[in-house]
Amino acid sequence: MNEAIRYSIIIPVYNEEAVIHETHRRLTQVMESLAEPYELLFVNDGSQDRTEEIITELKEADPHVKLLDFSRNFGHQIAITAGMDHALGDAIVIIDADLQDPPELIPQMIEKWKEGYEVVYAKRSKRKGETLFKKWTAALFYRTLRALTEVNIPLDTGDFRLIDRKVAEAMKGIREKNRFVRGLVSWVGFRQTAIEYVRDERFAGETKYPLKKMLRFSMDGITSFSYKPLKLATYLGFFISFARFLYLLVSLGERLFTTSTVAGWTSLIACVLLLNGVILIILGILGEYVGRIYDETKNRPLYILRNRPNVEQREQQEVK
Ligand code: UDP
Ligand code: MG
């Protein structure tokens with residue numbers, strides 16, 4: 001019944017009651033102009049506002065609308081993953097609900113896809129209406145990530161992208177819990193290309209990524225693609241130990257050949273404090289990885305749906 005669907009649009013939503021109608025309108029306008037079967041797959045990530053009601057209303061009026069409803073807030077990256085698991089189209093577009101990613105770019109992405117690219121990601125050449133703090137931390141994050149990881153994760157690129165069915169199938173095999181989806185999409189490979197765009201302001205409402213979520217998100221990005229922080233901890237440990245060894249020689253010399261040993265008190269305290277600080281940092285870095293290992297070993301499902309969705313999972317296709 002569903003094999004005709006050509007394009008799937010995945011829209012993760014968390015407390016987005018203020019934007020859904022407009023998002024639906026803009027997406028519909030763009031998708032209708034393409035004149036091919038499509039679905040608008042909303043993933044409700046445990047919203048506490050009227051998000052779910054609004055989508056259910058839309059669904060009744062528009063058969064293109066589908067809803068996956070999480071039993072609680074599992075997070076943006078998991079919502080995207082659930083969308084990919086359930087999308088039926090040959091090409092799948094992931095887009096934010098707040099219209100910061102203009103839907104009008106989708107036809108351009110589809111054109112690239114028809115040229116044979118399997119991943120078309122949208123690179124932000126500019127970000128409008130976001131605080132300096134957000135812009136700077138984002139810029140810093142993408143650059144740190146690039147410096148630390150071996151996987152070639154494109155700079156200044158969010159999750160707004162088109163992926164081919166084959167990529168979605170490949171992603172189904174990756175079930176790690178602390179997911180950094182855009183990194184995983186780079187990791188699975190395939191023919192990838194970029195288009196540039198200016199990131200708009202949020203249409204309405206507030207950001208659903210407070211500082212806490214942003215920090216967690218960037219830690220996931222870095223730890224799931226790099227062991228360098230662990231290595232750094234080791235190097236730092238060695239370096240400090242070496243410096244301390246030298247200092248020990250100096251103090252020994254002082255003790256043996258001079259009479260001014262009491263003066264060492266201040267530096268002793270300084271050393272102890274410094275070392276404790278370094279040990280805490282190293283323990284913290286270890287903890288980040290150990291915690292993630294723990295998450296993986298628990299082997300819980302990535303998400304839980306409130307009820308059976310009105311979407312069927314397309315049969316597993318061979319990943320070519
Ligand atoms: N989102 C989500 N779950 C969350 C947080 C955000 O599904 O826990 C969705 C949100 O509804 C939006 C997208 O992820 O569609 C991006 O969030 P937002 O626009 O708030 O992030 P920002 O653009 O400020 O980084
Ligand atoms: Mg946004």
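Can you find even one residue in segment 117-124 that is β-branched (Val, Ile, Thr), touching a strand residue (DSSP E or B) at 6+ places or on another chain (Cβ under 9 Å) and exposed (fewer than 15 other Cβ atoms within 10 Å of the Cβ)? No, there is no match, as no residue in segment 117-124 is β-branched (Val, Ile, Thr), touching a strand residue (DSSP E or B) at 6+ places or on another chain (Cβ under 9 Å) and exposed (fewer than 15 other Cβ atoms within 10 Å of the Cβ).
Filter segment 197-213 down to residues that are within 20 Å of the chain's Cα centre (by Cα), more than 9 Å from residue 100 (Cα to Cα) and assigned to a loop (DSSP other than H, G, I, E, B) and give me whichever is farthest from ligand 2 (Cβ to nearest atom). Looking at residues that are within 20 Å of the chain's Cα centre (by Cα), more than 9 Å from residue 100 (Cα to Cα) and assigned to a loop (DSSP other than H, G, I, E, B), I get 210.
Residue count for segment 217-242, restricted to those that are at pLDDT 80 or above and either loosely packed, with under 14 Cβ neighbours inside 10 Å or at positive phi (or both): 1.
Cβ-Cβ distances below 6 Å connect the following pairs, each with a first residue in segment 204-232 that is acidic (Asp, Glu), a second residue that is more than 11 Å from ligand 1 (Cβ to nearest atom), and a separation of six or more residues or different chains: 220/178; 220/180.
Could we say that residue 69 is touching a strand residue (DSSP E or B) at 6+ places or on another chain (Cβ under 9 Å), surrounded by fewer than 23 Cβ atoms within 10 Å (Cβ to Cβ) and of a type outside the set (S, T, N, Q) here? Taking the combined requirement at face value, the residue satisfies it.
Tallying residues that are modelled with pLDDT of 85 or more and within 12 Å of the chain's Cα centre (by Cα) within segment 159-178 yields 2.
For residue 123, the criteria (1) outside any strand (DSSP E or B); (2) in contact with an Asp or Glu (Cβ under 7 Å, 6 or more places away or on another chain); (3) farther than 16 Å from residue 16 by Cβ hold in every case but one, which is (1).
Only one of (1) touching a Gly at 6+ places or on another chain (Cβ under 9 Å); (2) modelled with pLDDT of 90 or more; (3) crowded, with 18+ Cβ neighbours inside 10 Å is not met by residue 95, so which one is it? Condition not satisfied by residue 95: (1). Tell me whether segment 139-146 contains one or more residues that are within 29 Å of residue 203 (Cα to Cα), among the small types (Gly, Ala, Ser) and in the same structural domain as residue 205 (by the TED database). No, because not a single residue in segment 139-146 is within 29 Å of residue 203 (Cα to Cα), among the small types (Gly, Ala, Ser) and in the same structural domain as residue 205 (by the TED database).
Residue by residue, here is whether (1) assigned to a strand (DSSP E or B); (2) more than 16 Å from ligand 1 (Cβ to nearest atom) holds:
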{"site": "10", "(1), (2)": "yes, no"}
{"site": "16", "(1), (2)": "no, no"}
{"site": "22", "(1), (2)": "no, no"}
{"site": "28", "(1), (2)": "no, yes"}
{"site": "48", "(1), (2)": "no, no"}
{"site": "59", "(1), (2)": "no, yes"}
{"site": "63", "(1), (2)": "no, yes"}
{"site": "67", "(1), (2)": "yes, no"}
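How about segment 50-101: which of its residues are charged (D, E, K, R), over 24 Å from residue 4 (Cβ atoms) and more than 16 Å from ligand 2 (Cβ to nearest atom)? Selection gives 50, 52, 53, 57, 69, 72. With respect to the conditions (1) under 19 Å from residue 200 (Cβ atoms); (2) surrounded by 15 or more Cβ atoms within 10 Å (Cβ to Cβ), residue 25 lacks only one, and its number is (2).
The values are calculated or read from the model by the stated rules, or taken from the named source; none is laboratory data. All of these numbers come straight from a predicted model, not from anything done at the bench. When we count neighbours, we look across all protein chains shown, and the Cβ atoms used for this are built from the backbone with ideal geometry, even at glycine.
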